[in-house]
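Accompanying notes for the structure given below.
Readers should treat all values here as calculations from the given coordinates under stated rules, not as data from a laboratory. Keep in mind it's a predicted model, so treat the numbers as computed, not measured. Reconstructed Cβ throughout: ideal geometry from the backbone, glycine too, with neighbour counts over all protein chains shown.
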Amino acid sequence: MTDRRRVEFVEVAPRDGFQSIGEPIPTAEKIAIIDGLLEAGFRRMEIGSFVNPKAVPQMADMAEVAVAFRDRKDARLSILVPNSKGAEIALESGYRALVFVVSVSETHNRKNVRRSVAESLDQLRSIVETIGRSGDYALRIDLATAFDCPFDGTVSLDDLRRVYLAARSIAPDAEFALCDTTGCADPLSVETRFSALIKEDPQATWAFHGHDTFGMGVANSFAAYSAGVRIIDAATAGLGGCPFAPGASGNTAMEDLVFAFTRGGVDSGIDLERLLNAADRIARLPGGQTESHLRQVPRERIAQVLPERTAEQRAQ
Ligand code: COA
Ligand code: ZN
């Protein structure tokens, strides 16, 4: 049975959010934002990606960001890697929590990582062999375009299942995220897809990664939660927009999601006041596109309608 009263948020602004900004963000500013997010209580965060800096220039200083947090053992800080080279660099940098991305859609995978889906799965095989040899690790596999592809349109459940099963057979211990890369998914489809996959494979660990292009980010996250998903990605201030998914806007705003779950009595361990401070800082980044309901509401009003966190919750 899944625990109905818990949810684990994964903060992705430093990876999915920052990569959407063309102008380089000063490394010190990236580090200060990640620090602020850790202070807000996140115990899972994607702090960036080891990718070809020609493909994503914003990540050119990833090694410096990685050094700043490599000794932080109280949080699962992960790094996205698109290939085995990225995984090797992450391991050399002292990180054991990796996110590997493969798209369900052939066209998006080629645009994103310049490989076929089969070639990406070969990269995954080699990553699993390498990290498997070197002891404990935590691997998340992002199944991008799990609902819709910016180039090919709707992605079928059969195609999703096929790529998922192939990845699961290579990395049986990984966590699997269905990613709504284009922000086009709707809540009923999110619930239907997760329910179908969870029914077929109840032992797997599932996560949802949503974008808010059509304003469905929070609703889609709840649809995933209703289907039993307990790990949900979002980006503080709703920063984002994938450079390889034209038409997609930012991720679901983390503060809106934290508010929704907290108001419903589900604790996520996040301090909303500190989260909003981090959101304000992110919203000031030049060139960033942000979107958030909660930032528009006066802080006193938010405090009035939220239940007080218990002493036990604050201590967690
Ligand atoms: N980290 C850093 N550098 C990398 C790298 C990585 N993970 N993978 C490859 N490189 C470097 C190579 O060393 C090579 O450098 P050189 O030109 O100095 O010799 C160069 O990139 C090209 O290598 P190649 O293997 O031919 O890669 P590619 O040009 O075919 O690009 C990817 C493939 C996957 C590396 C590239 O498409 C990429 O980084 N995509 C990232 C996509 C992304 O982040 N999307 C958003 C998140 S889902
Ligand atoms: Zn994304």
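At a glance:
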item	result
Relative contact order (percent, whole number), the range 216-296, Cα cutoff 8 Å, 6+ residue spacing	34
Tail weight of P(r) past 24 Å, computed on alpha-carbon pairs of the range 1-140, percent	32
Mean shadow area of the chain over all directions, Cα convex hull, nm²	14.7
Total formal charge among the other residues, if their Cβ is under 11 angstrom from that of Asn277, Lys/Arg +1 and Asp/Glu -1	-1
Separation of alpha-carbon centers, the range 78-131 and the range 185-211, rounded to whole Å	22
Sorted by Cβ density within 10 Å, fewest first, the residues Glu119, Glu200	Glu200, Glu119
Fluctuation leader among Asp173, Asp142, Asp158 - the chain, Gaussian network, Cα springs under 10 angstrom	Asp158
Along principal axes, Cα extents of the range 176-298, largest first, whole Å	44, 36, 20
3J(HN,Hα) from dihedral phi, the range 180-187, Karplus parametrisation 6.51/-1.76/1.60, rounded to Hz, x for glycine, proline	8, 4, 9, x, 9, 5, 10, x
Length-normalised contact order for the chain - Cα pairs under 8 Å, 6+ apart - percent	20
